[in-house]
1. Restricted to the range 18-42, and to residues that are among the aromatic types (Phe, Trp, Tyr) and open to solvent by 10 Å² or more (accessible area, probe 1.4 Å), which residue is farthest from residue 175 (Cα to Cα)?
2. Kindly list the number of the only condition in (1) open to solvent by 10 Å² or more (accessible area, probe 1.4 Å); (2) closer than 11 Å to residue 175 by Cα that fails for residue 110.
3. Determine whether residue 22 is more than 14 Å from ligand 1 (Cβ to nearest atom), assigned to a helix (DSSP H, G or I), among the acidic types (Asp, Glu) and over 20 Å from residue 113 (Cα atoms).
4. From the list 173, 92, pick out the single residue that is within 16 Å of ligand 2 (Cβ to nearest atom), acidic (Asp, Glu) and assigned to a helix (DSSP H, G or I).
5. Given the criterion within 20 Å of residue 201 (Cβ to Cβ) and touching a Gly at 6+ places or on another chain (Cβ under 6 Å), identify the matching residue among 46, 27, 8.
6. If only one of 84, 29 is touching a Leu at 6+ places or on another chain (Cβ under 7 Å), in a loop (DSSP other than H, G, I, E, B) and of a type in the set (Gly, Ala, Ser), which one is it?
7. Can you name the residue in the range 178-218 that is in contact with a His (Cβ under 9 Å, 6 or more places away or on another chain) and of a type in the set (Gly, Ala, Ser) and is also nearest to ligand 2 (Cβ to nearest atom) among such residues?
8. For the range 125-150, how many residues are more than 16 Å from ligand 1 (Cβ to nearest atom) and over 15 Å from the mean Cα position of the chain (by Cα)?
Amino acid sequence: MKPIIAPSILAADFANLQRDIEMVNASEADWFHLDIMDGSFVPNISFGIPVCRAIARHAQKPLDIHLMIQSPEHYLPEFQKLGADVLTVHLEACPHLNRTVHQIKELGCKAGVALNPHTPVGLLEDIIADIDLVCLMSVNPGFGGQSFIPNTFVKIKRLKQLIEDSDSNALIEIDGGVKQQNAPDLLEAGADVLVAGSFVFGSDNPSDTIKDLKQVIA
Ligand code: DX5
Ligand code: ZN
């Protein structure tokens, strides 16, 4: 199976957002990955609802919205209204994760749960059957352009096993430090979705870079 490629708009040129969105529209990318940071859950602020709404007006592919924010439950309806397809919350930011996951599903979106690099995959045991996507952070969230944390490979294997054991349909998304060099091994380990920010937008030809990632096979 070919991977789902989700370029992260965090690494786009914010002064030329429409140009970069059109590039993704015309490319072999599958989703737009939008990183929302609140300066509290993570030590950085990215962009919020008005910018997502503007992106949504031009994006012709599903919006995969990664909420790196405290109390995400307060903002879910706004993201749904602007056109979110996948809404991913962090396990570490959700004391009532079951409630939050079901809130996302009742809004008609796919429910994703993200785990920080130190958070054990086993903490998903009692929710995995209810979720559509698990985002394994392969860097500490907050910034693009960081180095991939190799322990992610162990986590992918454990998560794959957990998904199989629980008859879950959850996709495994890898976010942070994804490049052409580690993509084949990530797919081999069981990844379904590859998020790539700086590797795509920092390349000479982002559209070709997306195409190359799409052709990666395990
Ligand atoms: C990090 C974000 C990532 C980031 C990935 O907190 O969640 O989506 O944009 O960027 P790269 O691919 O540059 O590591
Ligand atoms: Zn992300």
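1. 41
2. (2)
3. Numbers: more than 14 Å from ligand 1 (Cβ to nearest atom): yes; assigned to a helix (DSSP H, G or I): yes; among the acidic types (Asp, Glu): yes; over 20 Å from residue 113 (Cα atoms): yes.
Criteria met by residue 22.
4. On the way: 173 fails: assigned to a helix (DSSP H, G or I).
The conditions single out 92.
5. Details: 46 fails: touching a Gly at 6+ places or on another chain (Cβ under 6 Å); 27 fails: touching a Gly at 6+ places or on another chain (Cβ under 6 Å).
None of the others qualify; the one that does is 8.
6. 84
7. 197
8. Step one: filter the range 125-150 for residues more than 16 Å from ligand 1 (Cβ to nearest atom), giving 125-132.
After this cut, where a residue has to be over 15 Å from the mean Cα position of the chain (by Cα) as well, the list is 125-130.
Residues that pass the stated criteria total 6.
The values are calculated or read from the model by the stated rules, or taken from the named source; none is laboratory data. Small disclaimer: the values here were computed from a predicted structure and weren't measured. Here the Cβ is made from the backbone with ideal geometry for all residues, glycine too, and neighbour counts use every protein chain on show. We work out accessible area using only protein heavy atoms, side chains counted, and drop any ligands, DNA or RNA first. Shrake-Rupley method; radii C 1.70, N 1.55, O 1.52, S 1.80 Å.
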